[in-house]
1. Going residue by residue through region 352-374, is there one that turns out to be touching a helix residue (DSSP H, G or I) at 6+ places or on another chain (Cβ under 6 Å), charged (D, E, K, R) and modelled with pLDDT of 85 or more?
2. Does ALA314 satisfy being under 19 Å from ALA398 (Cα atoms) and part of a helix (DSSP H, G or I)?
3. Would you mention how many residues in region 265-279 are surrounded by fewer than 23 Cβ atoms within 10 Å (Cβ to Cβ) and either assigned to a helix (DSSP H, G or I) or of a type in the set (A, V, I, L, M) (or both)?
4. Could you say which residue among GLY201, GLY225, GLY247 is in contact with a Leu (Cβ under 6 Å, 6 or more places away or on another chain) and either at pLDDT 90 or above or under 24 Å from ARG87 (Cα atoms) (or both)?
5. Let me spell it out: the conditions are (1) within 17 Å of the chain's Cα centre (by Cα); (2) surrounded by fewer than 21 Cβ atoms within 10 Å (Cβ to Cβ); (3) outside any helix (DSSP H, G or I), and THR256 meets all of them except one. Which number is the exception?
6. Residue under question is ALA125, and the condition is that it be in contact with a His (Cβ under 9 Å, 6 or more places away or on another chain) and either modelled with pLDDT under 90 or under 20 Å from VAL370 (Cα atoms) (or both); does it hold?
7. Sort out which residues of region 175-187 are of a type in the set (A, V, I, L, M), surrounded by 14 or more Cβ atoms within 10 Å (Cβ to Cβ) and at pLDDT below 85, and write them in order of number.
8. Hey, among the residues in region 130-152 that are in contact with a Gly (Cβ under 9 Å, 6 or more places away or on another chain) and over 18 Å from GLN362 (Cα atoms), which one's surrounded by the most Cβ atoms within 10 Å (Cβ to Cβ)?
Amino acid sequence: MYLAESRTSSGDRAAGQGRGPGRRAAVPGAVLALGSVSLITDVSSEMVSAVLPLYFVSELALSPLGFGLLDGIYNGVTALVRIIGGRLSDRRGGRHKSVAFFGYGLSALCKPLLLLVHNVPLIGAVLAADRTGKGLRTAPRDAMISMASEPATRARMFGVHRAMDTAGALCGPLVAFLILQAAADGYDAVFSVSSCVAVLGVVVLLLFVPGHKSTSDTAPAPATGPGEARSAFRSLLRRAEVRRLTGCALLLGLTTVSDSFLFLTLQRRWQLPEAWFPLLPLGTAAVFLLLAVPFGSIADRIGRRRLFLCGHLALLAAYTLLLIPPGGSVAFAVPVLALHGAFYAATDGVLSAATADAVPEQLRASGLAVVQTGQATARFVCSIAFGAAWTGWGDHTALLVAAVGLAVSAALSARLLRRRAPATEGEPVR
C-alpha cells in the first residue's frame, strides 16, 4: 500500500532506481544535520516538558482542568500555525530552512521568559509563543527530510531523525532530574539551562543544515495572497490520500491522551516522589529511540498506514494496563512506558513519511502541515476534554472513556484507509 496519487520528482525516481533491494541506503547528511538540531533542541524542550506538569500541579496548585487547559495550549497551539509554516516554506521554490530557522529561534527566545513569569496567564502566553515556534518549524523540517530521502527508504530516514530527536528527549528529563536534585531553586535552574541549550540548537541549524531548493520539474509560482494559499490547500485536499490521512489523524488524535496526563496518572497510582517525576518520560523515550529506525524499515516493507494503525493499538494496550489496579508494584509501570514508546516509534515519523508520499514536492511542506494540523488540533481538544473528565469523574473513568474512544477511532480509521492506493516507487501495495 503506497500512499501516493502524484508523481514523485524525477530526482527521487532516479535515486530510487539505483538502489538494489538488498542494499541499505546511507543516511543523507541533511538528515543527520537536522537530526542533530532536533536532538539538541529536544534536550532543551524536554527539560521543560518534564517538570511542567509537576510545576503546574504542585507549585501553582492547578486543578486537572486548569492543567488540561495549559497542556492543551502547549500541545495545541502548533495546530494554528503549522499550515502557515508549511505554506511559507513552499513559496518561491522552497524556503524551508529560513522558516525552520525562525521557528527554532522563536522557541529559543521563549525559554528564558519562563524565569520571569509566575502566574498562569503569563505562563500560558509564553508557552503559546514557544509552541508557535514549534508549529512553524515542523512542516519545513519534515519536508527537508523527505526531499533528502529516497522514496523507498523514506520511513526509515524519518526513523533515523526521530531516533536522534528522541535521544535528546531521553537526555532532557535526566538533566532536569539532576538539576532538581542539585539546585535550591530547581525549576528556575532548569529553565536557565534549557535556554542555553536551545540557543546551541539554533546555531547548529544555521551552520550545518544545507538550504534546499525544489527540484521539481514545475516550480510553483509565488503565493503572495490568501486566495492563492487557499487554492493550494484546496488542491491538496482534492487528493484522496491526503483526505484519508487527515481524517485518520483527527479521529485518532481525539483519543490520544497527552504524555503529561499519562505520566501524572502513573505518578499518582504509585505515589512516586516528586523528584522522580522527570524520569518517567525516560522509559517512553528509551523505547522510542530503540524502535524508531527498525519500525521505519518495517513500515517501508509492510506499508506505512498499516504500521501507523498498529501503533495506536499499542497505545490502547497501554491505556488498558493503566486501568488495571497496580497491585503495589512499581514495575507495573515498565510495560506501560514500553508500549507508549512503541506507539510513538510506529506513528510519529511513519505518518510524515506516508504524507510525503501523497503530495508533490512543490507542496510537500504544505501537505505535511495539513495532516499535522489535523492531528495537533485533535490532541488539543483531547487534552482539554481529558482534563475536564478527570476533574468531573476522576482519572480512572476519564482514562476508560479515552480507551473506548481510541478503540472505536482505530476501527473507523482502519475502514477509512481500507481502499488501496496505486503503488509507486518505494513501497509495495499492502
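1. Scanning region 352-374, I find at least one residue that is touching a helix residue (DSSP H, G or I) at 6+ places or on another chain (Cβ under 6 Å), charged (D, E, K, R) and modelled with pLDDT of 85 or more, so the answer is yes.
2. The answer is yes for ALA314.
3. So the answer is 10.
4. Criteria check complete, one pass: GLY247.
5. All conditions pass for THR256, except number (2).
6. Judged against the criteria, ALA125 is not a match.
7. Within region 175-187, LEU180, ALA183 meet the criteria.
8. Top of the filtered list is GLY135.
The values are calculated or read from the model by the stated rules, or taken from the named source; none is laboratory data. These numbers were taken from a predicted model, which means no experiment stands behind them. FYI the Cβ positions are ideal-geometry reconstructions off the backbone, even for glycines, and counts take in every protein chain you see.
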